[in-house]
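Trainee: Have a look at this one.
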Amino acid sequence: MSWDLAVMTASELAEGFRRKRFSPIEATEAALRRIRSLNERVNAFCFVAEEEALAAARASAARYQAGTPLGPIDGVPTTVKDLVLTKGWPTLRGSRTVDPKQDWAEDAPATARLREHGAVLLGKTTTPEFGWKGVTDNSLTGITRNPWQLDRTPGGSSGGAAVAAATGMGALHIGTDGGGSIRIPASFTGIFGLKPSYGRVPAYPSSPFAAVSHLGPMTRSVRDAALMLSVMAQPDPRDANALPHDGRDWSIGLDSGVRALRIAYAPTINQRPVDAGIAASVASAAVAFADLGATVETIDLTLPEVDEVFAAHWFAPAATLLAGFTDAQREMIDPGLRAIAAEGAKLSARDYIAAGRKREGFAITMNLLFERYDLVLSPTLPITAFEAGYETPRTGPYARWTGWTPFTYPFNLTRHPAASMPCGFVDGLPVGLQIIGPMHRDDLVLRAARAFESGMPIQLPNLD
């Protein structure tokens, strides 16, 4: 039963709790056993709070016994990325520059909402330093590894959350996404990850990369992501950029399917090359949507200069982040982060404003595209997972992580909702399908992902 409970979805767990087939205590113990068994091999967690988690599970079990659960995620084992504040726990952001002995007295909005709804918080998942790159390793906690092949990276920056999801170390996982940091590891590890519309999930404190940063769910099923989003999206006055809260339950209408939807299929963006196996898997996924009743048309999607515009939005904030550090602290920082900060420091205010104007143009291009189509499909990434411990593949044309993620960060710039859904394997490694929706139509992205999932359920690795 411990294995079965560990890989059950949040929806299945909650149903079992309600029917008293098993308890939140048993589910939490199953997740903790998985952590004890696997974390040394994959390094998904940088902090685990066993006693606190079990205490929360006991409180949840009492609520179910009394018939007063706090909602559909009460008692569900959940993790928090180590960029997101959690009361009583250190949030070190993967950096040796952060003092762990400070007063950790506050929950971030997402953490607070999940806690208020009874989620059992297990611990903090790994991230690269300050979430700056698309893989997960740092000098504080080491290298996080892909459970499908342990010598490969799970991607990043929400790599620990993705690995925890894929291996049954919790059912719900908070991710952050500033340039693909939910979708990249979701693609590399074969789970579902949603970057909601910008401002959908309140954020506090503001990220150094706040102009492009989103929070969202990472799960083993689309329905779980919808349930989690319904909780995470509830209002918090600490985020001045949050969308108005409409009280929506994002699981309503999830099974409405894609019949009669108009879907654009972009085999690539800006004509960037895609590995043949990935291209074939994503093309097959596009055909599957047509088989589900959608009208699917192949398009050429071009966003000129998007690489340079994203670099301005990523490198300049990195420079601002490091400007507040002492020389001694900067010496402790990841050399790659120091390098992009140095590039960002060369940008003038005029450069940054010009990049912002071009960014607006990309959003308009996508908004006009969504006048003709309900959704856009693309590969999440052009490559599969490469060797762990490196920012880029050891061979190839990529200077920085942004070189091999050309399909994710455009939609941080445009702020549209986008998800990664597993759509196959190449040489035993997962392939991700990216589903992009119109502004604020997170429901359409979730519906499409659920329709695809109905014919291709998410598979999990076996590390036993």
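The values are calculated or read from the model by the stated rules, or taken from the named source; none is laboratory data. No experiment lies behind these values; they were computed from the predicted model shown. Positions of Cβ are generated from backbone atoms using ideal geometry, with glycine treated the same way; all protein chains shown enter the neighbour counts.
Trainee: Filter region 231-244 down to the residues that are of a type in the set (A, V, I, L, M) and in contact (Cβ under 8 Å) with a residue 12 or more places away in the chain, then identify the one that is surrounded by the most Cβ atoms within 10 Å (Cβ to Cβ).
Mentor: First, the residues of region 231-244 that are of a type in the set (A, V, I, L, M): 231-233, 240, 242-243.
Remaining after also requiring in contact (Cβ under 8 Å) with a residue 12 or more places away in the chain: 231-233, 242-243.
Working: Val231: 25, Met232: 26, Ala233: 28, Ala242: 19, Leu243: 16.
Here the residue is Ala233.
Trainee: Which pairs do you get when a residue that is free of Cβ contacts under 8 Å to residues at least 60 places away in the same chain and on the phi < 0 side of the Ramachandran plot, found in region 213-230, comes within reach of a residue that is assigned to a strand (DSSP E or B) and of a type in the set (Phe, Trp, Tyr), reach meaning Cβ atoms under 9 angstrom, with the pair 6+ apart or on two chains?
Mentor: Pro217/Phe192
Trainee: Further, regarding this structure: Sort out which residues of region 153-167 are outside any helix (DSSP H, G or I) and out of contact with any Leu (no Cβ under 7 Å at 6 or more places or on another chain), and write them in order of number.
Mentor: Thr153, Pro154, Gly155, Gly156, Ser157, Ser158
Trainee: Please state which of the following conditions Ser197 fails to meet, knowing it meets all the rest: (1) within 21 Å of Leu433 (Cα to Cα); (2) touching a Leu at 6+ places or on another chain (Cβ under 9 Å); (3) buried (at least 24 other Cβ atoms within 10 Å of the Cβ); (4) not charged (D, E, K, R).
Mentor: All conditions pass for Ser197, except number (3).
Trainee: On the given criteria, is Val309 of a type in the set (A, V, I, L, M, F, W, C), in contact with a helix residue (DSSP H, G or I) (Cβ under 7 Å, 6 or more places away or on another chain) and not in a helix (DSSP H, G or I)? Walk me through how you get there before you give the answer.
Mentor: Numbers: of a type in the set (A, V, I, L, M, F, W, C): yes; in contact with a helix residue (DSSP H, G or I) (Cβ under 7 Å, 6 or more places away or on another chain): yes; not in a helix (DSSP H, G or I): no.
Against the criterion (of a type in the set (A, V, I, L, M, F, W, C), in contact with a helix residue (DSSP H, G or I) (Cβ under 7 Å, 6 or more places away or on another chain) and not in a helix (DSSP H, G or I)), Val309 does not qualify.
Trainee: Which members of region 168-185 meet the condition of being within 19 Å of Ala233 (Cβ to Cβ) and either in a helix (DSSP H, G or I) or among the acidic types (Asp, Glu) (or both)?
Mentor: Listed by number, the residues that qualify are Asp177, Arg183.
This table checks each residue for (1) over 30 Å from Ser207 (Cβ atoms); (2) crowded, with 18+ Cβ neighbours inside 10 Å; (3) of a type outside the set (Lys, Arg).
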| site | (1), (2), (3) |
| --- | --- |
| Ala27 | yes, yes, yes |
| Arg34 | no, yes, no |
| Ser37 | yes, no, yes |
| Ser60 | yes, yes, yes |
| Thr86 | no, yes, yes |
| Gly94 | no, yes, yes |
| Asp99 | no, no, yes |
| Asp103 | no, no, yes |
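Trainee: Now, a different point. Filter region 264-303 down to residues that are closer than 17 Å to Ser420 by Cα, hydroxyl-bearing (Ser, Thr, Tyr) and in a loop (DSSP other than H, G, I, E, B), then give me how many there are.
Mentor: Residues in region 264-303 being closer than 17 Å to Ser420 by Cα, hydroxyl-bearing (Ser, Thr, Tyr) and in a loop (DSSP other than H, G, I, E, B): 1 in total.
Trainee: Hey, can you tell me all the residues within region 341-386 that are of a type outside the set (A, V, I, L, M, F, W, C), closer than 30 Å to Ser281 by Cβ and in a helix (DSSP H, G or I)? Even if it seems obvious, please write down each step before you answer.
Mentor: Taking region 341-386 as the starting set, the residues that turn out to be of a type outside the set (A, V, I, L, M, F, W, C) are 343-344, 346, 348, 350-352, 356-361, 365, 367, 371-374, 378-380, 382, 384.
From the residues that got through so far, the ones that are closer than 30 Å to Ser281 by Cβ too are 365, 367, 371-374, 378-380, 382, 384.
Within region 341-386, Thr365, Asn367, Glu371, Arg372 qualify.
Trainee: May I ask you to list the residues in region 415-444 that are β-branched (Val, Ile, Thr), farther than 11 Å from Leu377 by Cβ and under 19 Å from the mean Cα position of the chain (by Cα)?
Mentor: In the first step, residues of region 415-444 are kept if they are β-branched (Val, Ile, Thr); the result is 426, 431, 435-436.
Applying the additional criterion that residues be farther than 11 Å from Leu377 by Cβ yields 426, 431.
Listed by number, the list holds a single entry, Val431.
Trainee: Ok, one more. For residues in region 95-152 being assigned to a helix (DSSP H, G or I) and either modelled with pLDDT under 95 or among the basic types (Lys, Arg) (or both), which is farthest from Ala49 (Cα to Cα)?
Mentor: Per the stated criteria, the residue is Arg113.
Trainee: Under 30 Å from Ala448 (Cβ atoms), out of contact with any helix residue (DSSP H, G or I) (no Cβ under 9 Å at 6 or more places or on another chain), charged (D, E, K, R) and free of Cβ contacts under 8 Å to residues at least 60 places away in the same chain - does that describe any residue in region 350-359?
Mentor: no
Trainee: State yes or no: is Ala355 buried (at least 17 other Cβ atoms within 10 Å of the Cβ), within 24 Å of the chain's Cα centre (by Cα), modelled with pLDDT of 95 or more and among the aliphatic types (A, V, I, L, M)?
Mentor: For Ala355, the condition - buried (at least 17 other Cβ atoms within 10 Å of the Cβ), within 24 Å of the chain's Cα centre (by Cα), modelled with pLDDT of 95 or more and among the aliphatic types (A, V, I, L, M) - is not met.
The rows are residues; the columns are (1) touching a residue at least 12 places away in the same chain (Cβ under 8 Å); (2) among the small types (Gly, Ala, Ser); (3) surrounded by 17 or more Cβ atoms within 10 Å (Cβ to Cβ).
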{"site": "Asp246", "(1), (2), (3)": "no, no, no"}
{"site": "Leu261", "(1), (2), (3)": "yes, no, yes"}
{"site": "Ala276", "(1), (2), (3)": "no, yes, no"}
{"site": "Thr295", "(1), (2), (3)": "yes, no, no"}
{"site": "Glu305", "(1), (2), (3)": "yes, no, no"}
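Trainee: Checking the conditions here, which among Phe452, Phe411, Phe425 is among the aromatic types (Phe, Trp, Tyr), in contact with a helix residue (DSSP H, G or I) (Cβ under 9 Å, 6 or more places away or on another chain) and not in a helix (DSSP H, G or I)?
Mentor: The conditions single out Phe425.
Trainee: What are the pairs, 6+ residues apart or on separate chains, where a residue within region 18-45 that is over 17 Å from Ala61 (Cβ atoms) has its Cβ under 6 Å from a residue that is buried (at least 21 other Cβ atoms within 10 Å of the Cβ) and of a type in the set (Lys, Arg)?
Mentor: Val42/Arg145
Trainee: So, one more: With among the acidic types (Asp, Glu) and under 15 Å from Thr392 (Cα atoms) as the only criterion, which of Asp177, Asp137 stands out?
Mentor: Asp137
Trainee: Among the listed residues Thr126, Thr136, Thr176, Thr144, which satisfies the condition of being of a type in the set (S, T, N, Q), surrounded by 24 or more Cβ atoms within 10 Å (Cβ to Cβ), on the phi < 0 side of the Ramachandran plot and over 14 Å from the mean Cα position of the chain (by Cα)?
Mentor: Thr144
Trainee: Quick one: how many residues across region 360-393 are farther than 29 Å from Arg441 by Cα and free of Cβ contacts under 8 Å to residues at least 40 places away in the same chain? Show your work before the answer.
Mentor: Applying the first criterion (farther than 29 Å from Arg441 by Cα) to region 360-393 yields 385-393.
Keeping just the survivors that are free of Cβ contacts under 8 Å to residues at least 40 places away in the same chain gives 392-393.
Qualifying residue count, region 360-393: 2.
Trainee: Further, regarding this structure: Of the residues that sit in region 1-46 and are within 20 Å of the chain's Cα centre (by Cα) and in a loop (DSSP other than H, G, I, E, B), which one is nearest to Thr125 (Cα to Cα)?
Mentor: Ranking the candidates gives Ala44 first.
Trainee: Of these, Leu463, Leu413, which one is crowded, with 24+ Cβ neighbours inside 10 Å and either at pLDDT 95 or above or touching a Lys or Arg at 6+ places or on another chain (Cβ under 9 Å) (or both)?
Mentor: Within the list Leu463, Leu413, the selection yields Leu413.
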